[in-house]
There are 2 protein chains.
Amino acid sequence: MKEIKIGLLGLGNIGTGTYKTLEMNRDQIEGSVGAPVNIVRILEKDIDRDRGIEVPREKFVAKAEDIFEDPEIDIVIELLGGVEPAATLIESALRSGKHVVTANKAAVAANYHRLRKAAEEGGVQLRFEASVGGGIPVLTALTGCLQANRFSRVLGIVNGTTNYILDKMTTEGLSYDEVLKDAQAKGFAEADPTADVEGIDAANKLSILMALMFDHYVHPKDIPTKGITEVTAADIEDARSKNQLIKLIAYAERMEDGSIKYEVRPMRIIDTHPLSGVHREYNAVFVEGNAVGNLMFYGPGAGPLPTGSAVMGDVMEIAKTLV
Amino acid sequence: MKEIKIGLLGLGNIGTGTYKTLEMNRDQIEGSVGAPVNIVRILEKDIDRDRGIEVPREKFVAKAEDIFEDPEIDIVIELLGGVEPAATLIESALRSGKHVVTANKAAVAANYHRLRKAAEEGGVQLRFEASVGGGIPVLTALTGCLQANRFSRVLGIVNGTTNYILDKMTTEGLSYDEVLKDAQAKGFAEADPTADVEGIDAANKLSILMALMFDHYVHPKDIPTKGITEVTAADIEDARSKNQLIKLIAYAERMEDGSIKYEVRPMRIIDTHPLSGVHREYNAVFVEGNAVGNLMFYGPGAGPLPTGSAVMGDVMEIAKTLV
């Protein structure tokens, strides 16, 4: 019987969540795929860290080539994060004939055409459902079930850290600095929160959404982006007095002349809009299509297991074509 | 070049919406599929009705066999509604080697194993994304992106008529009878609203959700079902005083002993729950998976174009395997 063999790049938080998802639901995953599914090699320097999982030491390799040059490996999962060396490794894997699954929005957004081209030329799949909205199945829905639509608009709450901060400021009347400190203590914000609070992470995700929804790729650096660092308690109170909430929104719209308007910035949302009910670190993507009308996808936009869910979903879709 | 030829059973509201979706977005649909896509034959008695679309008269046929026995037709779309003769026609199409796409929850829920078996034996696909949640891409997400999860729970607002009535009763303090009359006048409730207000439609959808999420099929007649006809303005006011809303919920849960608990009935939802923000005729499906956590899919659960969007999405997925 064919065994699906996977090489994993990176065993950090998300890599560990993906490994756990496979271990936790192995029976169901293998039953559905119709074959054994195993992560057989892992590129990771930190072998000894306690991750709460048992990983046989012989799975660890020191060089990506040990994975790319192994003819038995069908699928590479890239979970290193960051643009480089991740993008170059994804491209190498694709050009080695490996299908690639990644959660890496920064690498995909900054190298969209280059990576798609490498997949096409390698005759393999590149899947990145987990890169936008974490566990929320939004990208595959937009390109699958909803593919008969012409999309006109997307409004996304696609960064959990900033939504957590704005939501806490709103519900508890606290200042940005107070909430940021609390969020860092609770693990909802990183020690260096720049990529989140300045809107860079949201711009990466908007770049990917626009490429898929409008077939219009814009490098994230070219997306006008304003974060939440200047949002004050007074702004939030003023919005509330008008029945509005302030949310960091990744926005893009196809205008009547066919051009695409896009930006990331704090926006006021009326409190009856479905996006206004997105609290704490949750994410949601609101889209408009010319046949379907208004839709919203809501769920956990980050975290090891939710991201692992999306990564393994992509892996299973590929695996089913290999059995 | 291969042309994808479709036979359509039924040109009522949903059939017309599907036809319109294809006409409206033909360039994009054919570009994505990589082949011309055409509805070439339509089983429909009412040829002369004004549907706001141009349908060449030669497409109309009087017998389903004219479609099933046409070797050029690849895909049959069934949009007749109701259990019979729809289920028998779906089965005949599958056994004639046609892929089938349907929006028909009643026929699928009442004949789940029979139709899946016919598809398997015919070596063809049976897709029914539009049968639950209308335009909301929920079924394909549950069986695709989310397939690495073990699901523990589903709470669905899966009937637009009853959500419209309960929402109006809540926001305007009106009685059930007053709102039902208004809903009928506005087209949100049928002249005979029994299937909706008694929860039968929701039970059909819950049957399909349970089969896909828990691999546990229950005939809709065996699902304990209570509709909304006995919900009073006083019930709604009492709920509101406790920060709750009353919603008709299709509920199923996998208990710790592995058994599945299920029912359709009006339930009280706390006003901070994501389902509490589902107003008017909108639908939403809230699910819990052991890796992903809590997710919600929100959107139009009915209507010609939203349903047409889901039907054409299924058609395109099949068409891509044929080109």
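The values are calculated or read from the model by the stated rules, or taken from the named source; none is laboratory data. On a predicted model such as this, the values are computed, not experimentally measured, just so you know. Don't worry about glycine lacking a Cβ; one is built from the backbone with ideal geometry, like all the others, and counts go over all protein chains shown.
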Failed condition for residue A:180, given (1) in contact (Cβ under 8 Å) with a residue 12 or more places away in the chain; (2) hydrophobic (A, V, I, L, M, F, W, C); (3) in a loop (DSSP other than H, G, I, E, B); (4) in contact with a helix residue (DSSP H, G or I) (Cβ under 7 Å, 6 or more places away or on another chain): (3)
Give region B:311-323 a look and list any residue that's facing another protein chain (nearest Cβ under 9 Å) and not acidic (Asp, Glu), or say none. B:311, B:312, B:313, B:315, B:316
Filter region B:248-258 down to residues that are assigned to a strand (DSSP E or B) and away from chain A (no Cβ under 14 Å) and give me whichever is farthest from residue B:219 (Cα to Cα). B:248
Answer yes or no as to whether residue B:218 is crowded, with 17+ Cβ neighbours inside 10 Å, in contact with a strand residue (DSSP E or B) (Cβ under 6 Å, 6 or more places away or on another chain) and of a type outside the set (Ser, Thr, Tyr). no
Give region A:139-172 a look and list any residue that's out of contact with any strand residue (DSSP E or B) (no Cβ under 6 Å at 6 or more places or on another chain), among the charged types (D, E, K, R) and more than 10 Å from chain B (Cβ to nearest Cβ), or say none. A:167, A:168, A:172
Filter region A:165-174 for residues that are surrounded by fewer than 14 Cβ atoms within 10 Å (Cβ to Cβ) and part of a loop (DSSP other than H, G, I, E, B) and give the result. A:173
Across region A:27-38, what is the number of residues that are under 24 Å from the mean Cα position of the chain (by Cα) and more than 17 Å from residue B:142 (Cα to Cα)? 2
Counting only residues in region A:264-281 that are touching a Leu at 6+ places or on another chain (Cβ under 8 Å), within 14 Å of chain B (Cβ to nearest Cβ) and not hydrophobic (A, V, I, L, M, F, W, C), the one surrounded by the most Cβ atoms within 10 Å (Cβ to Cβ) is identified as A:276
Of the residues in region A:121-134, those that are closer than 18 Å to residue A:64 by Cα and part of a strand (DSSP E or B) come to A:126
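Condition check ((1) in contact with a strand residue (DSSP E or B) (Cβ under 8 Å, 6 or more places away or on another chain); (2) within 14 Å of another protein chain (Cβ to nearest Cβ); (3) surrounded by fewer than 14 Cβ atoms within 10 Å (Cβ to Cβ)) across all residues:
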{"residue": "B:11", "(1), (2), (3)": "yes, no, no"}
{"residue": "B:14", "(1), (2), (3)": "no, yes, no"}
{"residue": "B:33", "(1), (2), (3)": "yes, yes, no"}
{"residue": "B:41", "(1), (2), (3)": "yes, no, no"}
{"residue": "B:56", "(1), (2), (3)": "no, no, yes"}
{"residue": "B:61", "(1), (2), (3)": "yes, no, no"}
{"residue": "B:64", "(1), (2), (3)": "yes, no, no"}
{"residue": "B:72", "(1), (2), (3)": "yes, no, yes"}
Residues A:74, A:46: which one is at pLDDT below 95, in the same structural domain as residue A:122 (by TED's automatic domain parsing) and not basic (Lys, Arg)? A:46
What do you reckon, is residue B:127 away from every other protein chain (no Cβ under 12 Å) and of a type in the set (Lys, Arg)? no
Residue that is farthest from residue B:166 (Cα to Cα), among those in region B:185-228 that are in contact (Cβ under 8 Å) with a residue 60 or more places away in the chain and polar (S, T, N, Q): B:207
Could you run through region B:152-164 and say how many residues are surrounded by fewer than 24 Cβ atoms within 10 Å (Cβ to Cβ) and either outside any helix (DSSP H, G or I) or among the charged types (D, E, K, R) (or both)? 3
Would you confirm whether any residue within region A:143-151 is charged (D, E, K, R) and outside any helix (DSSP H, G or I)? yes
Checking A:146, A:89 in turn, the sole residue that is surrounded by 15 or more Cβ atoms within 10 Å (Cβ to Cβ), touching a residue at least 12 places away in the same chain (Cβ under 8 Å) and not assigned by TED's automatic domain parsing to the domain that holds residue A:20 turns out to be A:146
Would you check which residues across region A:284-310 are among the aliphatic types (A, V, I, L, M), over 22 Å from residue B:279 (Cα atoms) and more than 7 Å from every other protein chain (Cβ to nearest Cβ) and list them? A:302
Given the residues B:261, B:242, which is the only one that is within 28 Å of residue B:183 (Cα to Cα), of a type in the set (D, E, K, R) and away from chain A (no Cβ under 11 Å)? B:242
Residue A:28: passes all of (1) more than 19 Å from residue A:306 (Cβ to Cβ); (2) out of contact with any helix residue (DSSP H, G or I) (no Cβ under 9 Å at 6 or more places or on another chain); (3) among the polar types (S, T, N, Q) but (1)
Regarding region A:98-108, can at least one residue be identified that is more than 30 Å from residue B:304 (Cβ to Cβ) and within 14 Å of chain B (Cβ to nearest Cβ)? yes
